[in-house]
């Protein structure tokens, strides 16, 4: 075979190989690249969309009801349950702080608000009870320390009310019970003391 024929066959072979390579690139590699680009586009599209949440925010809870007497009551007992009102009338002789001045008399009526049902029954009993007599003695002791001049001061009534309530709560504070099944009683059985009458005669 001549050298010229060998060169012709060589050129033809190169052309055939180049055509096959180009066809493989366009048919196979280009298709795979398009598929990868499509997948990448889907991923980017999915990542750009943040998932929306349809769960509404939690509703605000209303503030718990306040109770001014929570610290004074056993757990579970309401402030206004079983309030008993006991009244006491006192007439006392008032000394005077000024020599030669006339003294006088004080008539006062107290309304005692009791949130302990047992103590309320004892304080409002028609027959004398130790609790009612003890309350009377405490009130008389407080009133006896005042003079005819002091009872004319309107602010003294606030002091008298607070002193009576504090002394009664201290005296009637329930004693600890060994029986854990026994009903709990308010630690401060006296809720309030009001003065419904305050008359001074000199």
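The values are calculated or read from the model by the stated rules, or taken from the named source; none is laboratory data. Predicted model, so just to flag it, every value in this text is computed and none were measured. Heads up, the Cβs are rebuilt from the backbone with ideal geometry, glycines too, and the neighbour counts pull from every protein chain shown.
Assorted remarks:
- The residue of the stretch 113-135 that is nearest to residue 89 (Cα to Cα), among those that are in contact (Cβ under 8 Å) with a residue 60 or more places away in the chain and touching a helix residue (DSSP H, G or I) at 6+ places or on another chain (Cβ under 7 Å), is 114.
- When the residues of the stretch 90-102 are filtered to those that are in contact with a strand residue (DSSP E or B) (Cβ under 7 Å, 6 or more places away or on another chain) and free of Cβ contacts under 8 Å to residues at least 24 places away in the same chain, the one that is nearest to residue 162 (Cα to Cα) is 91.
- Scope the stretch 136-162; condition within 20 Å of residue 84 (Cα to Cα), free of Cβ contacts under 8 Å to residues at least 40 places away in the same chain and in contact with a helix residue (DSSP H, G or I) (Cβ under 7 Å, 6 or more places away or on another chain); matching residues: 138
- Within the set 110, 105, the sole residue that is within 21 Å of residue 196 (Cβ to Cβ), touching a residue at least 60 places away in the same chain (Cβ under 8 Å) and surrounded by fewer than 15 Cβ atoms within 10 Å (Cβ to Cβ) turns out to be 105.
- Segments classed as helices (runs of 4 or more DSSP H), wholly inside the stretch 113-202, with at least 3 members that are surrounded by fewer than 16 Cβ atoms within 10 Å (Cβ to Cβ), under 32 Å from the mean Cα position of the chain (by Cα) and assigned by TED's automatic domain parsing to the domain that holds residue 94: 156-171
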